[in-house]
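The values are calculated or read from the model by the stated rules, or taken from the named source; none is laboratory data. Since this is a predicted model, take the numbers as computed values, not measurements. All Cβ positions, even for glycine, are placed from backbone atoms using ideal geometry, and neighbour counts span all protein chains on display. Surface areas here come from the heavy atoms of the whole protein model, side chains and all, with no ligands, DNA or RNA. Shrake-Rupley method; radii C 1.70, N 1.55, O 1.52, S 1.80 Å.
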Amino acid sequence: SPISGLSPNITYYVRAFATNIAGTAYGNEVSFNTLALTTPTVITTNITNISQTTATTGGNVTNDGGAAILDRGVCWSTNINPTLIDNYSTDGTGTGSFTSNLIGLAQGITYYVRAYATNSIGTAYGSQVSFTTLNIPTLTTNSITNIGMSTATSGGNITSDGGSTITERGICWNSSPNPLITDSHTTDGNGIGIFTSNMTGLSLNVIYYVRSYATNGQGTAYGNELTFSTVVAIGDSYQGGIIAYILQPGDPGYIAGQIHGIIAAPSDQSTGAQWGCDGTTIGTSSLIGAGLSNTNAIVNGCPTAGIAARLCYNLVLGGYNDWYLPSKNELNMLYLNRSAIGIGPNFYWSSSEYSSSAWAQLFLNGGQFNGYDKTYLRYVRAVRSF
């Protein structure tokens, strides 16, 4: 028969009994003492994941002392035999193993740690273990400058080597926060002080996270994190040509927070090509973003070789084969930015029709002219979108 609900540290007397129709009989009497309540038994686990300001440890409550574990964790101090009047963690209740994270530690300091467990009788401590936080460099990250389409400049300033020689330093970056030296990084010498780092191979229209780093004999430290976005400017060489226009709010195809626009071929595709087949109406648009569909429609509707749209359609330049004859409004953007692109004062075809004729633009003064016969010979400059 299990006996429950007893009090601790008490002598109890016990007899077995049996009852039949004649009555109840009792067996011989035996006695026992319940155990006295005690403080728990707890073991401190080894220290792992040691950094300059954090570490991981924990404990194992192997006996609750006869009463429920109300609290458990670890306590730590720079003095021996730490107690709950020092720094401590709270890591649940009950018996068994638990993990504790030590935070806010000082760099290069020896700490003493003990696990603890508390029941209604009191608090017990496990054995003491000690460890020393890493003494790694102290540094900051330089501001991001010279931001381009695929490059940028940063660096760092190492103000302390952490007590041992700096063997490597530089910056690391990624499109996710908290970049590490396992991500893209530079190697920029050794020793303390200021250094400059150049990032290359960046992608357009991406937010990058950057931190400086420095490594000594105890580990790698990181500076503060900075962010930047790669940018483009009209006149920049990019994706086989020269950026001629960047879409603005209200433009067809504009997407807030993204960079898109028009790239012009770096030179003319012809100094004298006809627009297309005379006497036909293809059905085109003058809007920004319409040049590609215009070009496809012209090529499909006019089989004549050497027409302006076909010269652009067949163009392969810089590894790109999606060039087209700009629409009327796209061509005007090339005119407005002609100095940055490098286009002379010539008459250029657009891919936009005007009834059965077509639009052209004079880059001498920006005049846009309609009613030009499609067999007239005009200059051709291909564009593509990005």
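Summary of values
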| read-out | value |
| --- | --- |
| Top-ranked residue of segment 238-257 - restricted to ones that are among the aliphatic types (A, V, I, L, M) and either under 14 Å from LEU204 (Cα atoms) or free of Cβ contacts under 8 Å to residues at least 40 places away in the same chain (or both), ranked as least open to solvent (accessible area, probe 1.4 Å) | ILE243 |
| Subset of segment 258-273 that is closer than 30 Å to GLY155 by Cα and not hydrophobic (A, V, I, L, M, F, W, C) - its residue that is most open to solvent (accessible area, probe 1.4 Å) | GLN258 |
| Residue check for GLY155: surrounded by 13 or more Cβ atoms within 10 Å (Cβ to Cβ) and not in a loop (DSSP other than H, G, I, E, B) | yes |
| Segment 105-151, subset among the aromatic types (Phe, Trp, Tyr) and in contact (Cβ under 8 Å) with a residue 40 or more places away in the chain, residue nearest to GLY59 (Cα to Cα) | TYR116 |
| Which listed residue, of LEU364, LEU377, is surrounded by fewer than 19 Cβ atoms within 10 Å (Cβ to Cβ), farther than 23 Å from ALA244 by Cα and aliphatic (A, V, I, L, M) | LEU377 |
| Count of residues meeting criterion [assigned to a loop (DSSP other than H, G, I, E, B) and surrounded by 10 or more Cβ atoms within 10 Å (Cβ to Cβ)] in segment 5-31 | 4 |
| Which listed residue, of GLY156, GLY193, GLY170, is at pLDDT 95 or above, in contact with a Leu (Cβ under 6 Å, 6 or more places away or on another chain) and within 14 Å of GLY223 (Cα to Cα) | GLY156 |
| Failed criterion for GLN107 (all others in (1) open to solvent by 50 Å² or more (accessible area, probe 1.4 Å); (2) part of a strand (DSSP E or B) hold) | (2) |
| Subset tally (residues that are touching a residue at least 60 places away in the same chain (Cβ under 8 Å), open to solvent by 40 Å² or more (accessible area, probe 1.4 Å) and either touching a Cys at 6+ places or on another chain (Cβ under 9 Å) or within 17 Å of THR295 (Cα to Cα) (or both)) for segment 340-358 | 2 |
| Considering residues of segment 185-204 that are under 18 Å from ASN224 (Cβ atoms) and either touching a residue at least 60 places away in the same chain (Cβ under 8 Å) or part of a strand (DSSP E or B) (or both) only, the residue most open to solvent (accessible area, probe 1.4 Å) | ILE194 |
| Near pairs, Cβ below 7 angstrom, 6+ apart or cross-chain, from segment 302-323 (within 12 Å of GLY241 (Cα to Cα) and outside any loop (DSSP other than H, G, I, E, B)) to any residue that is open to solvent by 40 Å² or more (accessible area, probe 1.4 Å) and polar (S, T, N, Q) | TYR320/GLN239 |
| Odd one out for ASN337, checked against (1) open to solvent by 50 Å² or more (accessible area, probe 1.4 Å); (2) in contact with a strand residue (DSSP E or B) (Cβ under 7 Å, 6 or more places away or on another chain) | (1) |
